[in-house]
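**Q** Below: one structure in structure tokens.
Nothing in this text is a laboratory measurement; each read-out follows from the coordinates by a stated rule. Please read these numbers as outputs of a predicted model, since none were measured by experiment. Because the Cβ atoms are built from the backbone with ideal geometry, glycine has one as well, and the counts that use them run over all protein chains shown.
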């Protein structure tokens, strides 16, 4: 059996089901390239489960996981995933590969950033398609995420923006909200548009240094939160009166 297990945003987010499942598995893997804990360490995860594990980077999951997957035909193995188990496309592909190889699977969900967005004061039901803001580099400057934000705004919906992570680079890079806003404003200026975005930064959610910051354009307060990760950004759509009240009272 292959178990895909969401391990939340900190070790304390592990469900009882997740802990018991990890304990019974012969092999346990943790993918480390899609996110990281906002609070706590993988060592704490080891203490809670009492199970040693192997960490995997992007290449090891996307290109070199076949042998581990095949072993799940006769053994219980687990792939632990920060946040929720199937948020990233990579993990869905593993599920599809297992199905093709007639390997039994089970998904154990975990707490993710999508469970945190209501703390912003915005209505969970008023979010459109989630997007990822990607780093720009020479010869690679995608703008499809910007287009999707505009599509969401056309129908009054907010946009949850996940921020790029380059865990396999040395040094590794994790995009912060200030960088994300600067990139959106750069595209806005390039297109000579007059889109005036409002933002809510979700910083280190569930951690001891969690911050939720509301503002427009380049928020000055962001100088205080560069090193608190992971970070996500909300681009507001059309806020209703209750949402406006919540934002003004909760994030002065």
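**Q** For labels at residue 251 and residue 123 in the simple 7 Å Cα→Cβ model, what's the distance in nm?
**A** 1.7 nm
**Q** Below 8 Å, C-alpha to C-alpha, sequence gap of six or more: please give me the relative contact order for the chain in percent. Please list the in-between numbers first.
**A** On the way: 460 pairs, mean separation 55.2, N = 252.
Taking the mean separation of contacting Cα pairs over the length of the chain, I get 22 percent.
**Q** Another question about this same structure. Test of understanding: ordering 161, 177, 134 by Cβ neighbours within 10 Å, fewest first, what list do you get?
**A** Values: 161 25, 177 28, 134 19.
Lowest to highest Cβ neighbour count: 134, 161, 177.
**Q** Continuing with this model, one more query. For 140, 135, what's the fewest-to-most ordering of other Cβ within 10 Å of each Cβ?
**A** 140, 135
**Q** Could you state the angle between the C-alpha long axis of helix 241-250 and the longest principal axis of the C-alpha atoms of the chain, as a value from 0 to 90 degrees rounded to the nearest 10?
**A** Between the helix axis and the principal axis of the chain, the angle is about 80 degrees.
**Q** On the principal axes of its Cα set, how long, how wide and how thick is the range 2-48? Give whole Å, largest value first.
**A** Sorted from largest, the Cα extents of the range 2-48 read 26, 20, 15 Å.
**Q** What share of the DSSP beta bridges in the chain is antiparallel, in percent to the nearest 5?
**A** 50 percent
**Q** Expressed in nm², what is the orientationally averaged projection area of the convex hull enclosing the Cα positions of the chain?
**A** Mean shadow area of the hull around the Cα atoms is 14.7 nm².
**Q** Could you work out the relative contact order of the range 61-118? I mean the mean sequence separation of Cα pairs under 8 Å and 6+ apart, divided by the number of residues, in percent. Walk me through the intermediate numbers first.
**A** On the way: 31 pairs, mean separation 22.6, N = 58.
About 39 percent, as a whole number.
**Q** Compute the long axis of helix 177-190 from its Cα atoms, compare it with the longest principal axis of the Cα atoms of the chain, and write down the angle in degrees, 0 to 90, nearest 10.
**A** 50 degrees
**Q** So, one more: Cα centroids of the range 127-196 and the range 80-117: how far apart, whole angstrom?
**A** Computed from Cα coordinates, the inter-centre distance equals 24 Å.
**Q** I would also like to ask the following. For the range 2-111, take the convex hull of the Cα atoms, compute a quarter of its surface area, and give me that in nm², please.
**A** Mean shadow area of the hull around the Cα atoms is 5.8 nm².
**Q** Please work out the FRET efficiency for the pair residue 42 and residue 208, using the Cβ-Cβ distance as r and a Förster radius of 22 Å; give the result to the nearest 0.05.
**A** According to the calculation, E is roughly 0.80.
**Q** Find the relative contact order for the range 1-72 and round it to a whole percent, using C-alpha pairs within less than 8 Å whose residues are 6+ positions apart.
**A** Over the range 1-72, the number comes to 36 percent.
**Q** I've got another one for you. Mind checking the full-extension length gain between residue 185 and residue 167? Use 0.36 nm per residue of separation minus the Cα-Cα distance, one decimal, nm. Please list the in-between numbers first.
**A** Working: separation 18, 0.36 × 18 = 6.48 nm, distance 2.51 nm.
That pair, residue 185 and residue 167, stretches by 4.0 nm at full extension.
**Q** Under the rule a/c < 1.5 gives rounded, and otherwise a/b versus b/c splits prolate from oblate, where does the range 114-250 land using the Cα gyration tensor?
**A** Note, shape of the range 114-250 comes out oblate.
**Q** Taking the Cβ-Cβ separation of residue 24 and residue 66 as r and a Förster radius of 30 Å, what is the calculated FRET efficiency to the nearest 0.05?
**A** 0.85
**Q** Quick check: from the Cα gyration tensor, does the range 94-184 come out rounded (a/c under 1.5), prolate or oblate?
**A** Working: a/c = 1.80, a/b = 1.21, b/c = 1.49.
Note, shape of the range 94-184 comes out oblate.
**Q** So for 70, 162, 16, fewest C-beta neighbours within 10 Å to most, what's the order? Before the final figure, lay out each step's value.
**A** Working: 70 15, 162 24, 16 7.
Least to most surrounded, the residues fall as 16, 70, 162.
**Q** Continuing with the same structure: Taking only Cα atoms and a 10 Å spring cutoff, compute GNM fluctuations for the chain and point out the largest among 90, 159, 132.
**A** Its mean-square fluctuation being the largest, the pick is 90.
**Q** Can you tell me the orientation of helix 89-100 relative to the chain, as the angle in degrees between its alpha-carbon axis and the longest Cα principal axis, to the nearest 10?
**A** 30 degrees
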